[in-house]
1. Out of B:I84, B:I68, I need the residue that is assigned to a helix (DSSP H, G or I), more than 9 Å from chain A (Cβ to nearest Cβ) and free of Cβ contacts under 8 Å to residues at least 24 places away in the same chain. Which one?
2. What residue, among those in the range B:146-177 that are within 11 Å of chain A (Cβ to nearest Cβ) and at pLDDT below 95, is surrounded by the most Cβ atoms within 10 Å (Cβ to Cβ)?
3. If A:V72 meets every condition in (1) at pLDDT 60 or above; (2) under 42 Å from the mean Cα position of the chain (by Cα) apart from one, which number is that one?
4. Count, please, the residues in the range B:134-181 that happen to be among the acidic types (D, E), more than 14 Å from the chain's Cα centre (by Cα) and part of a helix (DSSP H, G or I).
5. Considering only the range B:91-138, state which residues are among the charged types (D, E, K, R) and within 27 Å of B:M55 (Cα to Cα).
6. Is it true that B:T99 is among the hydroxyl-bearing types (S, T, Y), touching a residue at least 24 places away in the same chain (Cβ under 8 Å) and crowded, with 19+ Cβ neighbours inside 10 Å?
7. Given the conditions (1) loosely packed, with under 13 Cβ neighbours inside 10 Å; (2) without any contact (Cβ under 8 Å) to a residue 12 or more places away in the chain, and given that B:Q79 satisfies all but one, which numbered condition is not satisfied?
8. Do you know which residues across the range B:62-97 are under 21 Å from A:E93 (Cβ atoms) and basic (K, R)?
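The values are calculated or read from the model by the stated rules, or taken from the named source; none is laboratory data. Worth saying up front: this structure is predicted, and the values here are computed from it rather than measured. Methodologically, a virtual Cβ is constructed for each residue, glycine included, from the backbone with ideal geometry; neighbour enumeration extends over all protein chains shown.
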Amino acid sequence: MLRNLAFLAFFLTGWLCLAACGSGGSTDDAKSAVTLPAPQVRVELLPTATPAPETSTPQPEASESPTAAPQVQAWPTLDEEQYLLNLIDGMIEKIERRLNNTDTEIKP
Amino acid sequence: MPKTLNFKTLIGPLVALLMVMTMLLATATPVFAEDDPPKPIPGLGKVSNADLTKMYQKIRAWYDSQAIVIRDSYELAAQFQTVIDFYKKKGRDVTRLETALTAFYGDINKAEAARVYTNSFFSRNAGFNGFYVVLDRQLAAQTILEARTNLKGTHLDLLKAISILKQEFHAWKRWMLGHAE
């Protein structure tokens, strides 16, 4: 009987130790993290681009020919003609290759 | 007083049961491990059932490849039309290309009809089950032979069609470069 009580006491002590470890630590850590402060937004005019100083631009003369102005393109274009012809050649070649590579022999 | 069963009383019936099972399994074994010797089939020579399965799979792969060729041919024809329109806008003579394209369309339409017909053989799957296993040797061989005949005919037609289109296109290109602005 005494032996059983000793075992019980031993296990209870162990359990209490484990429970103490689990709930240990400072209580400060358990506090929720401080949230970030609210953003400081000024209710004012939104920043805009600095207005460029007004300069008097010379008006183009009417006598200038319109073709003189260079045509600026955003990106270079392909030579459409060459592209189309090459595309047809490539497609024909692809089909021919597939046909010629087909294994028409069915015997294993 | 009830008599208890022990091992000694059971050993007789157990041995008898074992003997019966052995005899049954001994007769059933050859059915599962069926011999598959090559036997002659008209048009295919000496072939086993496993050979027929392999042939059917090869025919099926050929059919798939041909379907891709036909699809690519339609794409080529559409692109060819773009080229015709492009040069027409530029005021070039594209009569030769138009004639070639019309003939090409005729050829690929014919090939497509043949493909649909060949597909019917695979839909019917005569002589085989859904797992390419031979159920009827004669029917299986017939399916293979007829599908092969159709595929071969379409294959040759497509080769000829693409060759003519290429020839016409290159001839037109040479002519156009000779008349370049």
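1. B:I84
2. Among those that are within 11 Å of chain A (Cβ to nearest Cβ) and at pLDDT below 95, it is B:M176.
3. A:V72 satisfies every listed condition except (1).
4. Let us first name the residues in the range B:134-181 that are among the acidic types (D, E), namely B:136, B:146, B:157, B:168, B:181.
After this cut, where a residue has to be more than 14 Å from the chain's Cα centre (by Cα) as well, the list is B:136, B:157, B:168, B:181.
Still in the running and part of a helix (DSSP H, G or I): B:157, B:168.
Looking only at that region, the number is 2.
5. Scanning the range B:91-138 gives B:K110, B:E112, B:R115, B:R124, B:D136, B:R137.
6. Taking the combined requirement at face value, the residue does not satisfy it.
7. The one condition B:Q79 does not meet is (1).
8. Answer for the range B:62-97, where residues must be under 21 Å from A:E93 (Cβ atoms) and basic (K, R): B:R71, B:R96.
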